[in-house]
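In what follows, a single structure is set out as structure tokens and then discussed.
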Amino acid sequence: MSSFPGSPRTLRGAIIAVDPLGPLSRVVVFQYNPDQVQRNLQPRSGGDSGQRSADVHRAWGAPTETVSMTVEIDATDQLEVGDPVAGSVGVLPQLSVLEMLLHPGSVRVIANTALLAAGMIEILPVELPMAVMVWGPGRVVPVKITQLGIAEQAFNPALSPIRASVDISAQVLTYDDLPLTDVGYGLYLAHLVAKELLAVVGSVTGAVSAVTELTGA
């Protein structure tokens, strides 16, 4: 980060776990923003290569979008100021928040086990908290974490990691993936509206630039 006093303050990306049945949402604010975010979009089509020509321009829903990034977590600064949590468990709390995006809560697992033992054969799969990826004020989208790759790189005497690199892969959840009553449905629509506005700005800016070049102004 630049030490120049006029340099703008950079926002931090984050992942928020929203649990309707939990009293608090779990938040992971990135200690260091990733240097790169890889986004892949694939159109959602309803047919194969043999589809009718009349359907070639039809969209069968929002495109399928996947996001991947690498997040660095380091407890060095906390250790230098004598933080007791970092001193005892390192970066395990931050890693645990990310991992709990994929783990069913223990209370629900125990409750389902009790119901199964009582003869309730049809038990629904445990619902995970909804993950929301925040990458600036204009990009707040619900996601499903599809993979976490965790490389623990240094350890304290108790073998708790004090530095780690986490590869995060996620699929953006759209209005095609969520029910109307889900909070993620509204989040994605707000994201879509913001994207449409930016597309208008980009189109106008491009048109003005093209006209300026043609007229030599």
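The values are calculated or read from the model by the stated rules, or taken from the named source; none is laboratory data. Just so we're clear, the structure is a prediction, and the values are computed from it rather than from any experiment. Because the Cβ atoms are built from the backbone with ideal geometry, glycine has one as well, and the counts that use them run over all protein chains shown. Side chains are part of the model used for accessible areas, which takes the heavy atoms of the whole protein and leaves out ligands, DNA and RNA. Shrake-Rupley method; radii C 1.70, N 1.55, O 1.52, S 1.80 Å.
Figures for the structure shown
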{"read-out": "Count of residues meeting criterion [over 26 Å from Gln36 (Cα atoms) and surrounded by 10 or more Cβ atoms within 10 Å (Cβ to Cβ)] in region 165-204", "value": "9"}
{"read-out": "Any hit, region 112-130, residues being acidic (Asp, Glu), out of contact with any strand residue (DSSP E or B) (no Cβ under 9 Å at 6 or more places or on another chain) and loosely packed, with under 12 Cβ neighbours inside 10 Å", "value": "yes"}
{"read-out": "Residue within region 86-106 that is open to solvent by 60 Å² or more (accessible area, probe 1.4 Å), aliphatic (A, V, I, L, M) and farther than 19 Å from Ser165 by Cα present", "value": "no"}
{"read-out": "Long-range neighbours under 7 Å by Cβ, at least six apart or interchain, first residue without any contact (Cβ under 8 Å) to a residue 60 or more places away in the chain within region 173-193, second of a type in the set (Lys, Arg)", "value": "Leu173/Lys144; His191/Arg139"}
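Matching residues to (1) under 18 Å from Ala14 (Cα atoms); (2) assigned to a strand (DSSP E or B):
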position	(1), (2)
Ala86	no, no
Leu95	yes, no
Leu102	yes, no
Leu116	no, no
Met133	yes, yes
Lys144	yes, yes
